[in-house]
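The values are calculated or read from the model by the stated rules, or taken from the named source; none is laboratory data. Predicted model only: the values in this text are computed from it and were never measured. Virtual Cβ from ideal backbone geometry, glycine too; neighbours counted across all protein chains shown. Calculation scope for accessible area: heavy atoms of the full protein, side chains included, ligands and nucleic acids excluded. Shrake-Rupley method; radii C 1.70, N 1.55, O 1.52, S 1.80 Å.
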Number of protein chains: 4
Amino acid sequence: MDGSETIDNYASKLTVVTEGEWAGWSQYPGGDPFEDLAGPFYCREDGEGRRICAFKAEKKHMNGGMFMHGGCVMTFADFSLFWIAGDAIAGVRSVTATFNGEFVGSCGVGDIVECTGEVVKAGRSMVFLRGIISNASAGGEPMMSFSSVLKKTPRRT
Amino acid sequence: MDGSETIDNYASKLTVVTEGEWAGWSQYPGGDPFEDLAGPFYCREDGEGRRICAFKAEKKHMNGGMFMHGGCVMTFADFSLFWIAGDAIAGVRSVTATFNGEFVGSCGVGDIVECTGEVVKAGRSMVFLRGIISNASAGGEPMMSFSSVLKKTPRRT
Amino acid sequence: MDGSETIDNYASKLTVVTEGEWAGWSQYPGGDPFEDLAGPFYCREDGEGRRICAFKAEKKHMNGGMFMHGGCVMTFADFSLFWIAGDAIAGVRSVTATFNGEFVGSCGVGDIVECTGEVVKAGRSMVFLRGIISNASAGGEPMMSFSSVLKKTPRRT
Amino acid sequence: MDGSETIDNYASKLTVVTEGEWAGWSQYPGGDPFEDLAGPFYCREDGEGRRICAFKAEKKHMNGGMFMHGGCVMTFADFSLFWIAGDAIAGVRSVTATFNGEFVGSCGVGDIVECTGEVVKAGRSMVFLRGIISNASAGGEPMMSFSSVLKKTPRRT
């Protein structure tokens, strides 16, 4: 879900997990090599229609100090942006234009990491978002505050 | 090289590649699980003492549109920060506190991606950097402009 | 309220407006030359203890197109940071270390501009905040989403 | 010079100073109320065609601690963006879409503050810049590193 396809396209490819700890969440297997490598990342709407993403921290996500690597946190954020954007980019190919994040905490192996956020402004060509990544296994302690601009890039013919 | 160890520690673990296309570059195998996954990333000083990082884009680094994933670009940037910081964080454990980037271009499989940058200010507890990631296989076309704050985190006893 | 004094100091200098359209709001006259120039800016807690800042857009705040100047928006944000930070910087001299903002809307002469926000993380030496500036005269339409790091700078003796 | 007019328009209004310490620099008097208030700010090309902006720090630019107010620094940066962008926005109305800055130093009354920078990428609708604000009176000590996106906004009819 990183700027590669329209939301319509990828939404049609989302697969709902039917068993195990991620039952009820959707994933996008095989669609994005770097996310296949760094993930699996999951997304869903919660009971109140709020869009949320999550994944479980494994050893492969860590840095040498066995805290989650900053690049992993930002990769998960970049994944989450396109889910949070939702209707604002529906049917339009979009790419990440800017990303700003503050690292305010971290997590370790086994923790569940979540991302929530909102569209601040959906413009004609630019969509502005912000969000929080948190450690759900530590009472929702924040890990990162971020904001981003997605740029709609209609296919030129 | 993501906030996990002092520069002194990791520098002592850097291994110089002796053959193949990366001969003369250093790498840090086995030291950082997420960089082992996303890399291999390389670093060296060029002939003029300028610190540079690089890697070769593979299919695993791509998004669904077969351009480099934004999360991969930011992971490489986060790796590069600690090499670029150099003496400013020597002997002191440091972590990424903020990261800001603008995505101005991308690259495809097989391209060589480079990162250069500089320390804007080395404070007592915060080190400010900025840099450019570029596509060396496309004449140095810029892919990302970024800035960051590293926070020195002396071990508390 | 821009990094010049401890919260304790400036709080003791805040003056509550007793009449006119800003009755009940506090201001800080004479304490900060650039804010005296760009303001007056006001602050208060709303009924639910949420910290809020506001001011009225005048012609002097505009750019050549008669929309609010980006520099004015950021000056108001920088003022607001220190009010929003509240207890997180109480008694400690602090300065703005980083500021990131996305301009998502603007306003014109006569509009009431508001800022709300929250402390994402109050660390030992760094305080992380985020907020929204909005046009209260246009139903709360967002003008800017921002985030910032304040650095506590204990006086060295 | 803040998003209000096309470069062609404002360039035609720039006035070259003919005497005093700013002789040879251009200014834009009367064109932009907030810059008239916060300035005067000046711009020129140096001998090598590099675009540079500058102004002299007065008491009105200070915070309560008599260092330059962060809002003043960002206002000067926002002014400078449109001069640095140069040809990249010639003839097209543009606005600041994002601004990110790290405050790495400050200055006091009487110091000459300079801004230099470059266009990282001039896209069809977005122009990416970065720059450095420095204290020329202190040997060029950096005060702020910044980056920004300008959005071209062709007039809709």
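Can you name every residue in segment C:110-134 that is farther than 18 Å from A:GLY131 by Cβ, of a type in the set (Val, Ile, Thr) and open to solvent by 20 Å² or more (accessible area, probe 1.4 Å)?
Residue satisfying the conditions is C:ILE112 alone.
Within segment B:41-82, can you find the residues that are open to solvent by 30 Å² or more (accessible area, probe 1.4 Å) and either under 14 Å from B:VAL127 (Cβ atoms) or part of a strand (DSSP E or B) (or both)?
B:ARG44, B:GLU45, B:ARG51, B:LYS56
Evaluate the following for C:VAL149: is it open to solvent by 10 Å² or more (accessible area, probe 1.4 Å) and either assigned to a loop (DSSP other than H, G, I, E, B) or within 14 Å of chain D (Cβ to nearest Cβ) (or both)? So that I can check it myself, show each step before the final result.
Working: open to solvent by 10 Å² or more (accessible area, probe 1.4 Å): no; either assigned to a loop (DSSP other than H, G, I, E, B) or within 14 Å of chain D (Cβ to nearest Cβ) (or both): yes.
No.
Out of curiosity, is C:SER12 in a loop (DSSP other than H, G, I, E, B), of a type in the set (S, T, N, Q) and modelled with pLDDT under 90? Show your work before the answer.
Working: in a loop (DSSP other than H, G, I, E, B): no; of a type in the set (S, T, N, Q): yes; modelled with pLDDT under 90: yes.
No; evaluated as a whole, the condition is false for this residue.
With D:PHE103, D:PHE128 as the choices, which residue is touching a Phe, Trp or Tyr at 6+ places or on another chain (Cβ under 8 Å), within 12 Å of chain B (Cβ to nearest Cβ) and either without any contact (Cβ under 8 Å) to a residue 60 or more places away in the chain or aliphatic (A, V, I, L, M) (or both)?
Working: D:PHE128 fails: touching a Phe, Trp or Tyr at 6+ places or on another chain (Cβ under 8 Å).
None of the others qualify; the one that does is D:PHE103.
Condition test on C:GLU118, is it facing chain A (nearest Cβ under 10 Å), more than 18 Å from B:PHE99 (Cα to Cα), within 14 Å of the chain's Cα centre (by Cα) and not basic (Lys, Arg)?
yes
Would you check if B:SER137 is outside any strand (DSSP E or B) and open to solvent by 40 Å² or more (accessible area, probe 1.4 Å)?
yes
Please work out which residue is nearest to the chain's Cα centre (by Cα), limiting yourself to segment D:36-66 and to residues that are modelled with pLDDT under 95 and facing chain C (nearest Cβ under 7 Å).
Restricting to residues being modelled with pLDDT under 95 and facing chain C (nearest Cβ under 7 Å), the top hit is D:ASN63.
Here is a list: B:GLU21, B:GLU102. Which entry is of a type in the set (Asp, Glu), assigned to a strand (DSSP E or B) and over 12 Å from the mean Cα position of the chain (by Cα)? Steps first, answer last, please.
On the way: B:GLU21 fails: assigned to a strand (DSSP E or B).
So the residue among B:GLU21, B:GLU102 that is of a type in the set (Asp, Glu), assigned to a strand (DSSP E or B) and over 12 Å from the mean Cα position of the chain (by Cα) is B:GLU102.
With the structure loaded, tell me whether A:VAL113 is within 14 Å of chain B (Cβ to nearest Cβ), touching a strand residue (DSSP E or B) at 6+ places or on another chain (Cβ under 8 Å) and not in a helix (DSSP H, G or I) or whether it fails that test. Spell out the reasoning first.
Numbers: within 14 Å of chain B (Cβ to nearest Cβ): yes; touching a strand residue (DSSP E or B) at 6+ places or on another chain (Cβ under 8 Å): yes; not in a helix (DSSP H, G or I): yes.
Considered against the rule, which asks whether it is within 14 Å of chain B (Cβ to nearest Cβ), touching a strand residue (DSSP E or B) at 6+ places or on another chain (Cβ under 8 Å) and not in a helix (DSSP H, G or I), A:VAL113 comes out as yes.
Can you confirm whether segment B:96-109 contains a residue that is closer than 22 Å to B:GLU48 by Cβ and either open to solvent by 10 Å² or more (accessible area, probe 1.4 Å) or modelled with pLDDT of 95 or more (or both)?
no
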